[in-house]
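The values are calculated or read from the model by the stated rules, or taken from the named source; none is laboratory data. Everything numeric here is computed off the predicted structure, so don't read it as measured data. Cβ atoms come from the backbone with ideal geometry, glycine included; neighbour counts cover every protein chain shown. Remember, those area values only see protein heavy atoms, side chains included, never the ligands or the DNA or RNA. Shrake-Rupley method; radii C 1.70, N 1.55, O 1.52, S 1.80 Å.
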Amino acid sequence: MSTRKHTALPKVQILIEALPWLTRHHGKTVVIKFGGNAMIDEELKAAFAQDVVFLRQSGLKPVVVHGGGPQISAQLDKHGLVSEFKAGLRVTTPEAMDVVRMVLAGQVQRELVGLLNQHGPLAVGMTGEDAHTITATQHRPEIDGELVDIGRVGQITAIDPGAIKALLDDGRIPVVSSIARSQDDGHVYNVNADTAAAALAAALGAETLMVLTDVEGLYEDWPNSDEVISKLTASQLEKLLPELSSGMVPKMEGCLFAVRNGVNTARVIDGRVQHSILLEIFTDEGIGTMVVPDRPHASDGQGGAR
């Protein structure tokens, strides 16, 4: 009996440490942007699915938003279509859009739904087209002072979170592909998944937005230092935006938009670390970078005391 007690006790202590966060986050919506290495590595994918199900079984309401850059590139290659980027965005011809839609809704999303549903009848896949969840118009980036046509790349104009809320109320885990219906021309649009996750987090009144990346967080003085900024306010982040590497810009702009539009905290976390989501939400050791509003909300409760 004494041996059993001895081995079980550390497990109990770990559960007890999570109690304040379980209490604080109970019933709250968490939007998670799934991307980077965690989408490709089999072990990380499985750990991600476990984390999301754990959140759901702990009384939180997780929503997963995903893109699929590497998978899209691979399929375009197979179809003999060239991947071209302008202003950091994929030029999306009508032919390429068919592939994007097929990969996101038919491959990446299906796999993720399957991994989550190994744990029970939980996940439901959808795209931004469903129930008018995400509406967009064509996005024309400015390059050298001129607006450039890059095809079916969308800029979000409206979010209708009704279908997602209904799924959450039913105890399901919505898994959303970042494809939008068109506001004005009957097409569908490829939308940046970081941007889509931030817009959904705001529309859902989420407690937190979590963006998985392939870095440890936002670096203080990259490349001179690998010191990660653990916490900063919206205004501090806004000042840093012009200095950031192009890959981090949509992620950090998304975090900024979220906390400026009612989301309590937005976090960029290292998706290469197994169970990084649980580490961030349920322990004192919060990893990555947390963005908070300039004036904390009255109900502000943050995982990872910093």
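For the stretch 116-191, just list the percent of Cα-Cα distances falling in each 10 Å bin from zero outward, please.
Computed distribution, short to long bins: 20, 38, 25, 13, 4, 0.
How much accessible surface does Met248 have with a 1.4 Å probe, in Å² rounded to 10?
20 Å²
Based on the Cα coordinates of the stretch 71-216, what is the per residue volume of their convex hull in Å³?
Each residue corresponds to 141 Å³ of Cα convex hull volume.
Let me know the charge dipole size of the chain about its Cα centre in debye, to the nearest 20, where only the beta-carbon of Lys, Arg (+1) and Asp, Glu (-1) is charged.
It comes to approximately 1160 debye.
From zero outward in steps of 10 Å, how is the percent of C-alpha pairs of the stretch 42-151 spread across the bins?
Cα pair-distance distribution for the stretch 42-151, in percent: 12, 35, 31, 17, 4, 0.
Please give the contour-minus-distance gain from Ala87 to Ala74: 0.36 nm per residue of separation, less the Cα-Cα distance, rounded to one decimal in nm.
So the chain would gain 2.6 nm between Ala87 and Ala74.
What is the Cα radius of gyration of the stretch 53-107 over 2.2 N^0.38 Å, N being its residue count?
Compared with the compact-globule rule of thumb, the stretch 53-107 sits at 1.51.
How about the stretch 67-129: which trypsin sites (Lys or Arg not before Pro) there are in a DSSP loop, with at most 11 other Cβ atoms within 10 Å of their Cβ?
none
Take the stretch 224-283, drop everything but the C-alpha atoms, weight them equally and run the Debye formula without solvent; then report log10 I(q)/I(0) at 0.20, 0.21 Å⁻¹ to two decimals.
So the normalised log intensities are -0.90, -0.98.
Hey, what's the stretch 24-140 come to in accessible area per residue, 1.4 Å probe, Å²?
About 42 Å² of surface per residue is accessible.
Can you tell me the 0 to 90 degree angle between the C-alpha axis of helix 249-260 and the longest principal axis of the chain, rounded to 10?
60 degrees
Using the eigenvalues of the Cα gyration tensor, what equivalent ellipsoid semi-axes result for the stretch 1-92 when each is taken as the square root of five times the eigenvalue, whole Å, largest first?
Equivalent ellipsoid of the stretch 1-92: 41, 17, 9 Å, largest first.
Give the angle, between 0 and 90 degrees and rounded to the nearest 10, that separates the Cα long axis of helix 42-57 from the longest principal axis of the Cα atoms of the chain.
Once rounded, one gets 70 degrees.
Which lysines, if any, have their Cα less than 23 Å from the Cα of Lys78, not counting same-chain residues under 8 positions apart?
Once the sequence-local lysines are set aside, what remains near Lys78 is Lys86.
Within the chain, which is the longest segment that contains none of the GluC sites (Glu not before Pro) sitting in a DSSP loop with at most 15 other Cβ atoms within 10 Å?
Answer from the scan: 85-219.
Could you sort His132, His187, His139, His26 by their accessible area in this structure, using a 1.4 Å probe and putting the largest first?
Reading off the accessible areas and sorting them downward yields His26, His132, His187, His139.
Count charges around Lys78 for me, please; just the other residues with Cβ under 14 Å from its Cβ, Lys/Arg as +1, Asp/Glu as -1.
Here the charged neighbours net out to -3.
Relative to the longest principal Cα axis of the chain, at what angle does helix 69-78 sit, 0 to 90 degrees, rounded to 10?
It works out to around 40 degrees.
Would you mind telling me the share, in percent, of accessible area of the stretch 1-99 contributed by carbon and sulfur at probe 1.4 angstrom?
60 percent
Just for the Cα atoms in the chain, what are the lengths along the principal axes, largest first, rounded to whole Å?
For the chain, the Cα extents along the three principal axes come out at 70, 43, 34 Å.
Please give the calculated 222 nm ellipticity per residue for the chain, where each DSSP H segment of at least 4 residues contributes -39500 (n - 2.57) and the sum is spread over every residue; nearest 500 deg cm²/dmol?
Dividing the helical sum by the residues of the chain leaves -11500 deg cm²/dmol.
Could you name the lysines whose alpha carbon sits less than 19 Å from that of Lys61, not counting residues in the same chain fewer than 8 places away?
Output for Lys61: Lys28, Lys33, Lys165.
In whole Å, largest first, what are the principal axis extents of the Cα atoms in the stretch 192-301?
37, 30, 26
In Å and on Cα atoms, what radius of gyration and Dmax does the stretch 8-60 show?
Every Cα atom of the stretch 8-60 included, Rg and Dmax give 13.4, 36 Å.
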